[in-house]
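To start, the structure under review is shown below, and the notes come after it.
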Amino acid sequence: MSQKRYIGEIIAFCTSFLLLFVSFFLVVFFTSQSNTGEELSTDLQVAESIFVGTDAKVTGEKTVDSFKGDENSKIRVSIITRESDSDYTIVYDSQGLYESTEKADELEAVNLDKEVTRKSSYGYSMIYKAIKDKENPLYYVRVAIKESTATRLSKNFLIYGSVILSVLLTMYVFYKVNEYKKSIRPLKEQIQRLSYVAGENKESFDDGSDLFTLTESVNKVSSSLDRKITDLERERAKTQMILDSISQGFMALSGEGEIVLFNKKAGSIFGYEEKDVINKRFDVLVLNKEFQNKIELCIKTKEDNLSFDYERQGLIYKVSIMPLSYPLDDSSISGLAILLMEVTNERNLAKTKNDFFSNASHELKSPLTSIIGYLQMIEEGILSSEEDKEEAIKKTIFEAKRMKDIIADMLTINTLENKEGRNVENINARDSIKLALDGQLPPMREKKIALKAELTDYQLKADRKDLDKLFSNLISNAVKYNKEGGSIVIKMDKEKREISVSDTGIGIKEENLSRIFERFYRVDNSRGKDNVEGTGLGLAIVRHTCELYGYQIKVNSVFGQGSEFIIKTN
């Protein structure tokens, strides 16, 4: 409760109590006074009606006899005569004082028809009221009545009640002040704790108990905390900037699995902004079952350096989960650090290499097996005739050349990947295309393939050997997979910077289009045609050559109708 409220409550209580006290006194006092005044006026009228000033002796005695009583009587009636301006004498009195030499106080005579309270001759308070006789102005009729018990009690109540009220109010104020001090003690302790957190020295903290002093302390602590918060926000911004600058996705989880740190790269991986996931459980990221189980396992078992691959939207990430020894929240359970590093290329390269060695072993195994087989048959005398031996030798030489071509193409791809030994110069692509066509004339004539070549000067910067092999493989494919009596069309568009080679062959199935540039993915497998000579590396060489020089290659094909390879150069 605030100090103003405490003061207001005390003032309101004291004022209410005081008003109640005064109101009670006034009601009792004025009620008794009113009753006494009415009785006094009535008795005075009765006495005045009996007394006749012109016959004072008879009516005077008659009047006092009507109200006769002893000194304890409540009513006292007196007949007073004025002997001079300041000399008043009681001549008749209902309490037996009419033979006395008592002098009447001129107070009643001067204050005619008014109530006057004073001590009587008997020592107690009485209320007096006097009027002048109508028949003889030298006489006065005076009536006195004892002060009522209610009036005396109300006066005593005012005197003693004021004392008691003062004591009670003092006790109440003392109680409320103590209660107020107790109520602000927890606040004071909290302020002291905050001052410690804010780094304030104990000497700088005002140890007062009033709210004004505490307010000053709060303001001082608040300023210190504001500075601390500003510093923390600045440090957090620096930390976030550092985290956002790294190329790996990073997030940190609390011991309860809530995300407490989340960098920009992690946001791009999971499709969320930091504000959308911070302080929420990691489930909000919609991870797969394996990822969730790994996190739960690491939280429970504190397993160190948990690593696995995670695929999302066609990309592969190496996920490393590491327990943190320092709690990231109030929980006693330590948190986790999760690092996501994209390894798509590495994994694809590793897969490609594995596939390459597997396919290369397979491709080299077939001709090698044939060579060994023919030589063993000659050695063991299975092939005894000169004609069979000559045929076996021809096939052995053919398989050996095939192995040589495979190894040569493998070396070509290796040099293209490593960009080794390139002699880049200005080359006319038309010359490379003509050279490739010259090499394919015999098979084209054999299959009666019609050629339409729209050749023109087309300058490119490249290694001549690379361009020769690129167009040689494209045109060779167009011949190998063409139909008998089919056609090949070659176009060179200098404005669009495009060179295309199309054929009317058997085409490529749509599901195989994405794989035709893979190593050893034989086009005969994809196009459903057997016994087609080749190493299975021709289109892989085409792709690597295009990648080396920044060209783009596109394939349009309809199965059973033909294919078109378009190279867009720079």
Original post:
From the list Leu243, Leu297, which residue is of a type in the set (A, V, I, L, M), closer than 29 Å to Glu346 by Cβ and more than 20 Å from the chain's Cα centre (by Cα)?
Top reply: Leu297
Subject >> Some residue of the range 458-478 being more than 60 Å from the chain's Cα centre (by Cα), under 22 Å from Gly560 (Cα atoms) and among the basic types (Lys, Arg) >> reply: no
Original post:
Can you find a residue in the range 508-528 that is within 17 Å of Ser472 (Cα to Cα), modelled with pLDDT under 90 and not in a loop (DSSP other than H, G, I, E, B)?
Top reply: yes
**OP:** Taking the options Lys389, Lys419, Lys394, name whichever one is loosely packed, with under 14 Cβ neighbours inside 10 Å and over 30 Å from Asn345 (Cβ atoms).
**Re:** Lys394
Original post:
Any chance the range 430-440 includes a residue that's surrounded by 14 or more Cβ atoms within 10 Å (Cβ to Cβ) and touching a Lys or Arg at 6+ places or on another chain (Cβ under 8 Å)?
Top reply: yes
Original post:
Inside the range 386-500, counting only helices (runs of 4 or more DSSP H) that do not spill past its ends, which hold 3 or more residues that are among the charged types (D, E, K, R) and without any contact (Cβ under 8 Å) to a residue 12 or more places away in the chain?
Top reply: 386-418
**OP:** Find all pairs meeting these conditions: Cβ atoms under 8 angstrom apart; at least six residues apart or on different chains; first residue within the range 230-246 and closer than 21 Å to Ala266 by Cβ; second residue polar (S, T, N, Q).
**Re:** Gln240/Asn263; Leu243/Asn263; Asp244/Asn263; Ile246/Asn263
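Return yes or no: is Gly314 modelled with pLDDT of 70 or more and loosely packed, with under 13 Cβ neighbours inside 10 Å?
Values: modelled with pLDDT of 70 or more: yes; loosely packed, with under 13 Cβ neighbours inside 10 Å: yes.
It is true that Gly314 is modelled with pLDDT of 70 or more and loosely packed, with under 13 Cβ neighbours inside 10 Å.
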Subject >> For Glu342: the one exception among (1) modelled with pLDDT of 90 or more; (2) within 22 Å of the chain's Cα centre (by Cα); (3) among the charged types (D, E, K, R) >> reply: (2)
Original post:
Could you list, in sequence order, the residues of the range 317-339 that are within 24 Å of Ala266 (Cα to Cα), at pLDDT below 85 and of a type in the set (D, E, K, R)?
Top reply: Asp329
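The values are calculated or read from the model by the stated rules, or taken from the named source; none is laboratory data. It should be emphasised that the depicted structure is a prediction, and the values quoted were computed from it without experimental measurement. Quick reminder, even Gly has a Cβ in these numbers, built from the backbone with ideal geometry, and neighbours come from all protein chains shown.
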